[in-house]
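Values in this text are rule-based calculations from the coordinates and carry no lab data. What you are looking at is a predicted structure, and each value in this text was computed from that prediction instead of being measured. Methodologically, a virtual Cβ is constructed for each residue, glycine included, from the backbone with ideal geometry; neighbour enumeration extends over all protein chains shown.
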Amino acid sequence: MSNLTKWSSIFNEMVDQFGLLQTREIMSAWAGLKVARIGLKQNKLLVLKEKLAKLNLHYQISDEPVFARKDIGKGGWSNKFEERPWVARKNGDYLVYVSNDVKSLQKAFNSELEGEEEEFGEKLGIPACCIDFYSKNLDKAYEKQNDFVPLVLKNTKELHSFNFWNNYVSQYFGYSLLSFFPCSFNCVESARFAQNTYDLINSILPIQASQIIHFQKQPILYTEYRGIYLFEGATFSNESVYLEDATLHATVPSNSRTLDKILNLHSITINSKDKLSFVDNAGVKSIIKSENIAFCTFK
């Protein structure tokens, strides 16, 4: 068995066991692109340890579990942790720090423990401009659900057709090359990081790499509390996204009233970063203006 086949087999197994996003992080640590930090339930830690040993990776696991507060409308995704002393430890997530270098691993672990956000961000491979953006907007994001999508959009000069390498919003659907919030959807540094991650994944898991790129090119409607919607195969022209031939992916359950309205849409027009025009299949137009929405198109 060649080395490439060996690594491909291990990482394919990890995708099945931990998901593509978690595997992407461990693969990046294995290649020396960053120190990775993932969260896992207690019952998966033993399997992870076995895989890390095969990859010759070093790791450190938090002593206590953390508990995720699920975001409203985002399919179980969480951007916040909270204390739950009354909940059994096995129901929390243990933070696992992974690296191919012991010193880097220890520095990353200690920097987060001591609240040194900038140093920790550097160890995670986050560009300095994105670390700075995160620090300046953390309090504002934390007032809601600690998601930066509207803030990233506001900080992006363009109105639409952003660099698809920076589409971290697609992570809600299981596909993304970034594990951090870029400072803008056209950030050069975060796009470079994403390209390096793609090159790595494509060299070992080319099918998954192709899937990630496909989904990162799709337009996404973000709402803070009423779900996130990816329109696969939609067409874009003159500030409008046409949905008649699109396949809809949503983070809300099938009985959601908002989902029913989205399914009945013919097109969405981008008037401004916080103002959208919706036209349904009967030709009825409605306008929504809110700081809690963001419509992101990519090319």
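Values as computed for the structure displayed
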read-out	value
Net charge of Cβ neighbours under 12 Å - reference H160; Lys, Arg +1; Asp, Glu -1	+1
Proximal aspartates and glutamates to K144, defined as alpha-carbon separation beneath 18 angstrom and excluding residues fewer than eight positions away on the same chain	D71, E82, E83, E224, D274, E291
Protection proxy ranking, peptides 194-203, 47-56, average beta carbon neighbours within 10 Å, highest first	194-203, 47-56
Fluctuation leader among N238, N110, N271 - the chain, Gaussian network, Cα springs under 10 angstrom	N238
Anisotropy class of the chain from Cα gyration tensor, a/c 1.5 cut	prolate
Residue with peak Gaussian network fluctuation, the chain [Cα springs, cutoff 10 Å], from R257, R226, R192	R257
Exposure proxy ranking, count of Cβ atoms within 10 Å, fewest first, for M14, M27	M14, M27
For region 259-275, Karplus couplings with θ = phi - 60° (6.51, -1.76, 1.60), whole Hz, Gly/Pro x	4, 4, 5, 5, 5, 8, 7, 9, 7, 10, 10, 8, 7, 7, 5, 10, 9
Fluctuation leader among F109, F81, F236 - the chain, Gaussian network, Cα springs under 10 angstrom	F81
Net charge over other residues, Cβ less than 14 angstrom from the Cβ of S256 (K, R count +1; D, E count -1)	+3
Normalised contact order of the chain, rounded percent, pairs of Cα under 8 Å and 6 or more residues apart	16 percent
Listed residue (V252, Y97, T156) projecting farthest to the positive dipole end of the chain, Cβ model	V252
Length-normalised contact order for region 74-198 - Cα pairs under 8 Å, 6+ apart - percent	21 percent
Lys, Arg +1 and Asp, Glu -1 on Cβ, resulting dipole of region 21-123 about Cα centre, debye, nearest 20	680 debye
Proximal charge balance of S78 [Cβ under 11 Å; K/R count +1, D/E count -1]	0
D16, D132 arranged by Cβ crowding within 10 Å, fewest neighbours leading	D16, D132
Dipole moment magnitude, nearest 20 debye, the chain about Cα centre, only Lys, Arg, Asp, Glu C-beta charged	400 debye
Value in Å of the Kirkwood radius, where region 122-192 supplies the Cα pairs that are averaged	12.3 Å
Alpha-carbon centroid distance for the pair region 188-231 / region 40-82, whole angstrom	21 Å
